[in-house]
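Undergrad: Following this message is one structure expressed as structure tokens.
Only the coordinates and a few stated rules stand behind these numbers; no lab work does. Remember, it's a predicted structure, so these values are computed and weren't measured experimentally. Cβ sites come from the backbone with ideal geometry, for glycine too, and all protein chains shown count toward neighbours.
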Amino acid sequence: MTDSQKEATRQAALDYHALPRPGKLEIRATKPMANGRDLSRAYSPGVAEACLEIKADPSTASKYTTRGNLVAVVTNGSAVLGLGNIGALASKPVMEGKAVLFKKFANIDCFDIEVNESDPEKLAEIVCALEPTFGAINLEDIKAPDCFIVERICRERMNIPVFHDDQHGTAIVVGAAATNALHVAGKTFEEIKVVSTGGGAAGIACLNMLVKLGVKRENIWLCDVHGLVHVGREIDMNPEKAAFAQATDLRTLGEVIGGADLFLGLSGPNIMTPEMVKAMAKRPVVFALANPDPEIMPDLARAAVPDAIIATGRSDFPNQVNNVLCFPFIFRGALDVGATEINDAMQVACVQGIAELARASTSAEAAAAYHGEQMTFGADYLIPKPFDPRLSGVVSTAVARAAMESGVAARPMADLEAYKAGLDASKFKSALLMRPVFQAASTASRRIVFAEGEDERVLRAAQAILEETTEQPILIGRPEVIARRCERAGLSIRPERDFNIVNPQDDPRYRDYWETYHGLMARKGVTPDLARAIMRTNTTAIGAVMVHRNEADSLICGTFGEFRWHMKYVNQVLQDESRRPHGALSMMILEDGPLFIADTHVRVTPNPAQLAETAIGAARHVRRFGIAPKVAFCSQSQFGNQPDEGAERLRQAIALLDEAPRDFTYEGEMTIDAALDPELRERLLPGNRMQGAANVLVFAYADAASGVRNILKMKAGGLEVGPILMGMGNRAHIVTPSITARGLLNMAAIAGTPVAHYG
């Protein structure tokens, strides 16, 4: 990196911290403060009631205050990153960053607390005095051996979890990476020789973790700047180091590295040589974790021993040992069960959860966050990526279970599966709302054909379908391409073994398909030659023919191309007297709940009868999600105050609905704000038939519906489930090119639901 590049990088980092507001944190109120009533409840006199409840029962503090979800990140700035003893004030950006990670990855609130106190016992006294404020304490960047003293005193005196992340967080992630590295190498903890450099807090904690995982203490050789830690050594010793002292005449790293299975470096740059790597055992594991410059660069280690399994602390090499894989989730689980400490059982559970997740298939969300990186379990993928949204559910649940089983949970849970589902729902916006759909889909095993079977999103969705549902995916595409892309994406599924393939280039059913299509379209201008060409090139038409021939139950298409282009072929093949598209319905999941939008794609300018039909269909589909439909017909007109043509069509649609009893609430025509604000609507039309906010918006024009859908998605952070193609008896759904793998999984569940379940 040139000097100018370094300066540009430095300035970008400074700007990130300074703009648009200084720092990385702010405090936001969770309760309204809009009037005198709110004030009287938030403060005097109402606050006294909460105070008295807590005085009578201290455990209710987690119910009436933030304490149950509040962690203190505490440091004295004596060992900050690789910067050393820079002092408490200079450490504040790091601690703010730690708080951001807690919030981002586990939705835990944090205060960073920087303390000007170098005496470890006095620092421990300060931390202990903070217990009434916090549900847990994260000690950070305190030098060794002071950190051992602070943690010991705090753990002895405090009845809340105290966790020194530099020690135990690093140890947990190293433990997970080592677990999987030995799995790849075909070795066990009980048999390996470990050589470690660095006798600081992190190094000692890692060695203790390896012992917990099965490494024999006599097989651990610890070196520091003074050489091997050996029996009788007096220089720079403490009880933690002494526990690993070897009775030997050997003194240097070079002398003890021979035959080592695992090198664990938590020291400094360039202390490991290629010759040392060559001296290690067969298929060596090299964890060179010094930051920013490791004990040996990965390319040098790989050149010395090509099959070496390597991890570093850097993000620009595979297998970054990053504490963010651990601390948010171990605290999440500990807080949620009211753990009084984070014990060995909880730490080992965290190790196992992280390791197991890496061996599972890579999540689509992680793949998207790390686009272009190879994430197939093996030597270059030992631990999951921090942005894998499954970490919270898997790891936090494992920690909570271990806390309960080891007897340190003050608030044990009756249903850990429901707890995990709730954690997953916090990461996957759609999870909670989609639960009734997935449950309904589980009652039958429907065959879902995906027209764009070579798309990576479809492949990831297919893997998830096989893991999470009873549906049977069928993919249209070239088998060799699909197999290659599955392997590249780190997916375990393979064509023909796990799912069926329709190869447009060479399929024994080709003649049957084109003859079927020609039979449907012969009097609509389609010749046999054209039918043959379409069945070779048009995967949407192929999928529709399969559904028509009862070789599949539902078609999902549209990951590329224009909606109505796909709908043309769906209509040609699958439309009949009982089934015809009558609207596209999108569920937009927002921070305050779902909002359904129709018709976004099917009818550009629907007539009154079509609008009424769309409303009826939308109400049926909304009930699939366990939601009572409240349909608002939306326009610029407000209850007849505009002679607009679109508003007139909406009024006529309402009149048509009024001709027969309906099992859903509807009202209109009205503006969107009136639909969503009951008080405003009541002022405009007192006594209107709708109670509360509308949850379904039906528009007179497709461009208005589509515009609202896209604005909610792009600017309001809305997550779309859909579009759901109404009127086709669940035989076809046309998605849009922006859909994610998770979105395709959701659509598969919708397509996999028998129609009887929602109508």
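Undergrad: Once Lys and Arg get +1 and Asp and Glu get -1 on their Cβ, which of 652, 82, 402 lies farthest toward the positive end of the dipole of the chain?
TA: Projecting each Cα onto the dipole axis, the largest value belongs to 652.
Undergrad: Please list, in chain and number order, the residues 5+ apart from residue 720 or on another chain whose amide H is under 5 Å from its amide H, with Hs placed from the backbone.
TA: Result for residue 720 returns 589.
Undergrad: Turning to a different aspect of this structure: For Cα pairs less than 8 Å apart in space and 6+ apart in sequence, what is the mean separation divided by the residue count of the range 168-316, i.e. the relative contact order in percent?
TA: 20 percent
Undergrad: How compact and how long is the range 66-160, expressed as Rg and Dmax of its alpha-carbon atoms in Å?
TA: 12.5, 33
Undergrad: Then there is this: Taking a temperature of 25 °C and a viscosity of 0.890 mPa s, what whole-number D in µm²/s does Stokes-Einstein yield for the range 632-759 with Rh from Kirkwood over alpha carbon pairs?
TA: 148 µm²/s
Undergrad: Hey, fewest Cβ within 10 Å first, where do 216, 385 land in order?
TA: Least crowded to most crowded, the residues run 216, 385.
Undergrad: For the range 286-313 and the range 561-632, what is the centre-to-centre distance using only Cα atoms, to the nearest Å?
TA: 55 Å
Undergrad: While we're here: Going by average Cβ neighbours within 10 Å, how do the peptides 694-700, 516-522 rank, with the highest at the top?
TA: Packing order, densest peptide first, comes out as 694-700, 516-522.
Undergrad: May I pose another question? Determine Rg/Rh for the range 324-427; Rg is computed over alpha-carbon atoms and Rh is the Kirkwood hydrodynamic estimate from the same atoms.
TA: Dividing the radius of gyration by the Kirkwood radius yields 1.00.
Undergrad: Compute the semi-axes of the equivalent ellipsoid of the range 438-574, taking the square root of 5 times each eigenvalue of the Cα gyration tensor, and list them largest first in whole Å.
TA: In descending order the semi-axes read 26, 17, 13 Å.
Undergrad: A further question follows. Hey, with R₀ at 41 Å, roughly what FRET efficiency would residue 467 and residue 118 work out to, going by the Cβ-Cβ distance, to 0.05?
TA: 0.20
Undergrad: Then there's this: Name the long-range amide H neighbours of residue 80: under 5 Å, sequence gap of 5 or more, or other chain; modelled H, no Pro or chain starts.
TA: Those qualifying (amide H under 5 Å, at least 5 residues apart or on another chain) are 85, 86.
Undergrad: Then there is this: Once the principal axes of the Cα atoms of the chain are found, what is the range along each, listed largest first in whole angstroms?
TA: Projected onto its principal axes, the Cα set of the chain covers 95, 75, 55 Å.
Undergrad: Tell me, how many Å apart are the Cα centres for the range 216-241 and for the range 387-429?
TA: When both Cα centres are located, 38 Å separates them.
Undergrad: Roughly how many whole Å is it from the C-alpha centroid of the range 737-756 to that of the range 66-100?
TA: 44 Å
Undergrad: Could you work out the relative contact order of the range 259-416? I mean the mean sequence separation of Cα pairs under 8 Å and 6+ apart, divided by the number of residues, in percent.
TA: 21 percent
Undergrad: Let me ask you something else. Among 23, 377, 334, which residue has its Cα furthest toward the positive end of the charge dipole of the chain, with +1 on Lys/Arg Cβ and -1 on Asp/Glu Cβ?
TA: 377
Undergrad: Okay, next question. By per-residue mean of other Cβ atoms within 10 Å, what is the highest-first order of 37-48, 630-641, 298-309?
TA: Going by the mean number of other Cβ atoms within 10 Å, highest first, we get 630-641, 298-309, 37-48.
Undergrad: Extension gain residue 360-residue 303, at 0.36 nm per residue separation less the Cα-Cα distance, in nm?
TA: 17.6 nm
Undergrad: For the chain, what does the helix formula give at 222 nm: sum of -39500 (n - 2.57) over DSSP H segments with n ≥ 4, over the residue count, nearest 500 deg cm²/dmol?
TA: Value at 222 nm, helices only, nearest 500: -12500 deg cm²/dmol.
Undergrad: Let me ask something additional. Once the Cβ-Cβ distance between residue 38 and residue 592 is put in as r, and R0 is 30 Å, what FRET efficiency do you end up with, to the nearest 0.05?
TA: 0.95
Undergrad: Taking 7 Å along the Cα-to-C-beta vector as the label spot, tell me the residue 50-residue 604 distance in nanometres, rounded to one decimal.
TA: 5.6 nm
Undergrad: Hey, another quick one. Treating only the Cα positions of the range 168-316 as identical point scatterers, give the base-10 log of I(q)/I(0) from the Debye formula at each q in 0.10, 0.18, 0.20 Å⁻¹.
TA: For the range 168-316 at q = 0.10, 0.18, 0.20 Å⁻¹, log10 I(q)/I(0) is -0.29, -1.02, -1.29.
Undergrad: I would also like to ask the following. Going by how many other Cβ atoms sit within 10 Å of their own, how do 586, 4, 442 line up, fewest first?
TA: By the 10 Å Cβ count, ascending, the order reads 4, 442, 586.
Undergrad: If you don't mind, there's one more thing I want to ask. Can you tell me which of 594-604, 17-27, 483-493 comes out highest on packing, and rank the rest after it, using the mean Cβ neighbours within 10 Å?
TA: Result, highest mean Cβ count within 10 Å first: 594-604, 483-493, 17-27.
Undergrad: Here is a further query. Taking each pair of distinct Cα atoms in the range 673-733 once, what is the resulting Kirkwood hydrodynamic radius in Å?
TA: Result for the range 673-733, one decimal place: 13.9 Å.
Undergrad: Then there is this: Provide the descending list of Cα extents for the range 541-582 along its principal axes, expressed in whole angstroms.
TA: 25, 22, 13
Undergrad: List the extent of the Cα atoms of the range 240-372 along each of their three principal axes, largest first, rounded to whole Å.
TA: Taking the Cα atoms of the range 240-372, the three principal extents are 50, 43, 26 Å.
Undergrad: Here's something else I'd like to know. Cross-link candidates for residue 193: which lysines have Cα within less than 22 Å, leaving aside residues fewer than 8 places away along the same chain?
TA: Reachable lysines: 212, 216, 241, 278, 282.
Undergrad: If you wrap a convex hull around the alpha carbons of the range 353-502, what volume per residue comes out, as a whole number of Å³?
TA: It comes to 134 Å³ per residue, whole-number rounded.
Undergrad: Additional query: Enumerate by residue number the GluC sites (Glu not before Pro) in the range 576-640 meeting two conditions: DSSP loop (anything except H, G, I, E, B), and at most 14 other Cβ atoms within 10 Å of the site's Cβ.
TA: When the GluC sites (Glu not before Pro) of the range 576-640 are filtered for loop state and at most 14 Cβ neighbours within 10 Å, 577, 591 remain.
Undergrad: On to the next question. Over the chain, calculate the relative contact order: mean separation of alpha carbon pairs under 8 Å at least 6 apart, over the residue count, as a percent.
TA: Once divided by the residue count of the chain, the mean separation gives 9 percent.
Undergrad: Taking neighbour counts of Cβ atoms within 10 Å as a proxy for exposure, in what order, fewest first, do 221, 565 appear?
TA: 565, 221
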